[in-house]
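Here is the structure we will look at, set down as structure tokens.
The values are calculated or read from the model by the stated rules, or taken from the named source; none is laboratory data. All of these numbers come straight from a predicted model, not from anything done at the bench. As a convention, Cβ positions derive from the backbone with ideal geometry for all residues, glycine included, and neighbour counts pool all protein chains shown. To get the accessible areas, we keep the full protein, side chains included, count just its heavy atoms, and leave off ligands, DNA and RNA. Shrake-Rupley method; radii C 1.70, N 1.55, O 1.52, S 1.80 Å.
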Amino acid sequence: MPQHPDRVLPLQGTTNFRDLGGYRGRGGRTVRWHRLFRSDHLGGLTAADKAVLAALGLSRALDLRGVAERAAAPYDLPGVTQHSLAIEPTVVQRMQDLAATGERLTVPVVGGLMKDLYRGLVNDQARRYAELFEHLLQADAPLVFHCTAGKDRTGFAAALVLLALGVPRDVVMHDYLLTNQVFQQPPRGRREISDEALAVLWRVQQGFLDAALHAVDTDHGGVERYLRQRLGLGPVALDALAARYLVAP
């Protein structure tokens with residue numbers, strides 16, 4: 001599937017700021033452009049970047065970062081209301097714990113930790129994702145949801161949003177994997193982990209999102225039941241979501 005030229009916003013202070021518009025959803029309608037954005041953290045935005053976002057009419061930012069992450073990279077966007085939907089990071093702490101025991105942080109080990117993270121997002125963080133949908137249903141003014149890298153907590157959020165709008169799973173996966181084309185990982189910091197294992201940490205893999213969706217299917221009876229029972233999105237709410245964010249092609 002070719003990448004739409006408007007998919008990735010060419011900002012200087014962030015590399016993974018993307019528009020979810022254009023994907024075909026329920027009833028053949030498409031997701032509205034310039035309404036739903038996903039991103040890595042916004043702490044490095046330049047004045048020019050902020051002007052771009054202001055021109056888009058961005059009004060809300062849903063921040064999935066943990067408390068310390070927010071404190072380390074705060075931001076201020078005039079006219080944009082920030083909402084903290086904190087999901088504390090767990091993988092780095094688990095890596096530190098394993099390293100302290102002398103276990104080597106190999107590619108399979110880090111990959112396993114990432115899959116555990118995604119399963120945890122499904123089973124342990126439903127409340128936060130329910131809050132995200134509450135914000136989406138309050139108004140259709142442009143908003144962005146983001147974490148630090150914009151790939152895991154944000155990646156699962158984007159998958160849920162697109163699935164709730166009826167976008168097919170293969171297209172959802174395509175959007176998820178775009179991170180590997182655009183996200184620029186930060187300078188290397190940790191020395192007890194190999195470059196290969198570090199690449200697992202800073203990239204996305206189909207197997208990660210598959211782990212989450214498998215948990216949705218096996219633990220919760222599928223996407224529709226998960227949305228309804230864990231996120232509070234019944235038919236009325238899904239219809240309202242589609243009315244806000246889908247348009248005729």
>> How long are the semi-axes of the equivalent ellipsoid of segment 141-180, defined as square roots of 5 times the Cα gyration tensor eigenvalues? Whole Å, largest first.
In response: 16, 14, 8
> Accessible area per residue of segment 114-235 at 1.4 Å probe, in Å²?
Replying inline: 40 Å²
> If each Cα of segment 72-112 is one equal point scatterer, what is log10 of I(q)/I(0) from the Debye formula at q = 0.18, 0.27, 0.32, 0.34 Å⁻¹?
Replying inline: -0.66, -0.97, -1.14, -1.19
>> Explain nothing, just the number: dipole magnitude of the chain about its Cα centre with +1 on each Lys and Arg Cβ and -1 on each Asp and Glu Cβ, in debye rounded to the nearest 20.
In response: 360 debye
> With the radius of gyration and the Kirkwood radius both derived from the Cα set of segment 159-235, what is their ratio Rg to Rh?
Replying inline: 1.09
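In segment 20-134, what percent of the accessible surface is made up of carbon and sulfur (1.4 Å probe, ligands and nucleic acids excluded)?
54 percent
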> How much accessible surface does Lys115 have with a 1.4 Å probe, in Å² rounded to 10?
Replying inline: 80 Å²
> Where is the GNM fluctuation largest for the chain (alpha-carbon springs, 10 angstrom cutoff): Arg32, Arg127, Arg18?
Replying inline: Arg127
>> Sort His214, His41 by heavy-atom solvent-accessible area, probe 1.4 angstrom, most to least.
In response: His214, His41
> In bins 10 Å wide, starting from 0, what share of all Cα pairs of segment 1-123 does each bin hold, as a percent?
Replying inline: 11, 31, 31, 21, 6, 0
> What 222 nm value per residue comes from the helices of the chain, counting each DSSP H run with n ≥ 4 as -39,500 (n - 2.57) and dividing by all residues, nearest 500 deg cm²/dmol?
Replying inline: -14500 deg cm²/dmol
> Which of Ala47, Ala212, Gly234 sits farthest toward the positive end of the charge dipole of the chain, with +1 on the Cβ of Lys and Arg and -1 on the Cβ of Asp and Glu?
Replying inline: Gly234
> At what distance in angstrom do the alpha carbon centres of segment 121-165 and segment 172-249 lie from each other?
Replying inline: 9 Å
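Where Rh is the Kirkwood radius over the Cα pairs of segment 119-249, the temperature 37 °C and the viscosity 0.692 mPa s, what D in µm²/s does Stokes-Einstein return?
Working: Rh = 15.9 Å.
Reported coefficient: 206 µm²/s.
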> Expressed as a fraction of 2.2 N^0.38 Å, the rule-of-thumb size for a compact globular protein of N residues, what is the C-alpha radius of gyration of segment 1-69?
Replying inline: 1.22
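Tell me the volume per residue, in Å³, of the convex hull enclosing the alpha carbons of the chain.
Per residue, the Cα convex hull of the chain comes to 124 Å³.
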>> Using a 1.4 Å probe on the protein heavy atoms, what percent of the accessible area of segment 173-249 belongs to carbon and sulfur?
In response: 50 percent
